[in-house]
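All of the numbers you see were taken from the coordinates with simple rules; none came from a lab. What you see is a predicted model, and the numbers here were worked out from it, not measured in a lab. All Cβ positions, even for glycine, are placed from backbone atoms using ideal geometry, and neighbour counts span all protein chains on display.
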Amino acid sequence: MKDLRTTVLIGIFLLGLIPLQGQEKQTPSSKEDIQNGFSGGVPMGRWKEGLLFEGIRPMPWLKSSANWYPGTEEVQPNEIRVTFMGTSPSIRPGQMNTSIYVELGNGDNFVFDIGEGSVANYVAANVALNQIKHVFITHLHVDHFGALPYLWMFGTWAGGWHEPLTVHGPSGRTPEYGTKTMVEGMKMMLGWHRDAFSVFPVGKGHDIKVNEFDFRDNGGVVYEENGVKVIHWQRSHAKDGASGYKLTWNGMSVVWTGDGRPSELDLIYAKGADLYITELQQEVIEISSGVQGVPPFLGRYTTDTHHTPGYASGYLANQIQPRLFMTTHMSFDPYLNEETVAEVRYHWKGPYHFGAPDGIVVNMTKDAIWVREGILPDFPNNRSPQFNFDCGQLHVPLPTTSREEIQEPFVREQEIDPDLYYPEGYKPELLQEWPVESDLIVPLEDLPETMKKNMGAAWRLKNKNQKILEEQKKEEEEKEK
Ligand SMILES: [Zn+2]
Ligand SMILES: [Zn+2]
């Protein structure tokens, strides 16, 4: 048996060498031999293997089945891609605070929670900050929205001037605890920053919008546009105003529950999700307290009032029966990863993967799901701002203020004369006044080729994919006739 397998493997190896060696064409093997030679592997069928791999396999368009390299793959028209940009309530270099990025084949994208530090991973994942227009916040613990001020201010600076950011989030039991009040408070906190950044093109970027929904309206629709629907439901997270979300598009759904205790409501609203993501706390309170320095009573009390134990997460998954179950907002540590799996699998026998550490990427179509480690560089450069060039022009709005308006002349007069520090021949032409007096409107043909290419990349992909989706729809409609 072993010999046979070795022979087959050598055979496959040799077959692979033929084209490399450029040998002359020979008579092909019989169909039967080819089938025999390949029957151990995809795509010619494989035996049943693994407990975790039902419906889980890499798609042919992935550049590497093991790793995702930002900027190397386009989201396919019928695909959903989910990237874990922050995966823990305790922030540390390998795990920023929670954030889940969902990209759809129709070119839309959505951010679910935007915890502190997660922006670094968006940048590393080649997302331009002005591409982010919809942020859904599950609840107002700061590990779920701490990066919002940065995203808003620097996303506007980096070309986010055409469309305001919309923050979707629950109401509180009283108005002071709702998402709207949080955003008002953030505006106040950023008063200086907003005025200071108004020396740059701001346009509509500073007009942040809030879509606050009634936290009690279980199953209510938060968002519905372009074939995408997002609903919400209440979660038990010690205080009123915590929600879970389910996004549905193109016959597939993604659930992110946010934080909370396992609940009957989860079973109702997350039922049948393709990708079900919840949070998880392992039952190793005393051990973890020794490792992480948190007093055991504090850990126990926090979990038992706020969070989903590992066993409970598996219990929920088994009721919900997703195509893939993932957990995030959890410690990812060698000393407890096996424990995590053991607890989850006590109830859940289907496909399971950690939504941690940061950079885990999920590709999902109707037939297959695949999970990879994303290779996020430590020193990425920002992606160019992404613009919709449908009108054939680049629009740059006029800044609404200037240094003269927001700074006393005295401190500017104390600036050292640039001639004193620039070496001769190296002094640039300084740009200390905004160079034009009205909005700058640039036809695409006048834009340097590299800017046109880089700034319009997301727009071109969206248009390409939408055309394909429309054609598919037409074909399906004709088939029905
Ligand atoms: Zn949290
Ligand atoms: Zn929380």
What is the antiparallel percent of DSSP beta bridges lying wholly in the range 67-374, to the nearest 5? 60
In nanometres, what is the gap between the two model label sites at Y421 and D446, each 7 Å from Cα along Cα-to-Cβ? 3.4
At a Förster radius of 56 Å, what calculated FRET efficiency corresponds to the Cβ-Cβ distance of R403 and E264, to the nearest 0.05? 0.45
Across 5 Å bins beginning at 0, the whole-percent shares of Cα-Cα pair distances in the range 57-185 come to 2, 10, 19, 21, 19, 14, 8, 4, 2, 1, 0
Sparse-neighbour loop sites [chymotrypsin sites (Phe, Trp or Tyr not before Pro); the range 316-378; at most 12 other C-beta within 10 Å; DSSP]: Y335
When the charge dipole of the chain is computed with +1 on Lys and Arg Cβ and -1 on Asp and Glu Cβ about the Cα centre, the Cα farthest towards its positive end, among H206, V411, H237, belongs to H237
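Kyte-Doolittle mean at least 0.5 and Cα extent at least 27 Å along the axis: which DSSP H helices of the chain qualify?
What comes out of the filter, once short or polar helices are dropped, is 2-21.
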Over all alpha-carbon pairs in the chain, figure out the percentage whose distance exceeds 27 Å. 63
Which stretch or stretches of the range 115-147 have amide N atoms under 16 Å from the point lying 7 Å from N211's Cα along the Cα→Cβ direction? 132-139
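Can you list which of the chymotrypsin sites (Phe, Trp or Tyr not before Pro) found in the range 380-477 are DSSP loop residues with at most 10 other C-beta atoms within 10 Å?
Values: sites: F387, F389, F410, Y421, Y426, W459; in loops: F387, F389, Y421, Y426.
Answer in residue order: Y421, Y426.
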Under 20 Å from a point 7 Å along the Cα-to-Cβ line of R300: which residues of the range 327-345 have their amide N that close? none
Could you tell me the center-to-center distance, by alpha carbons, between the range 181-253 and the range 400-422 in angstrom? 39
How long are the semi-axes of the equivalent ellipsoid of the range 134-226, defined as square roots of 5 times the Cα gyration tensor eigenvalues? Whole Å, largest first. 25, 15, 10
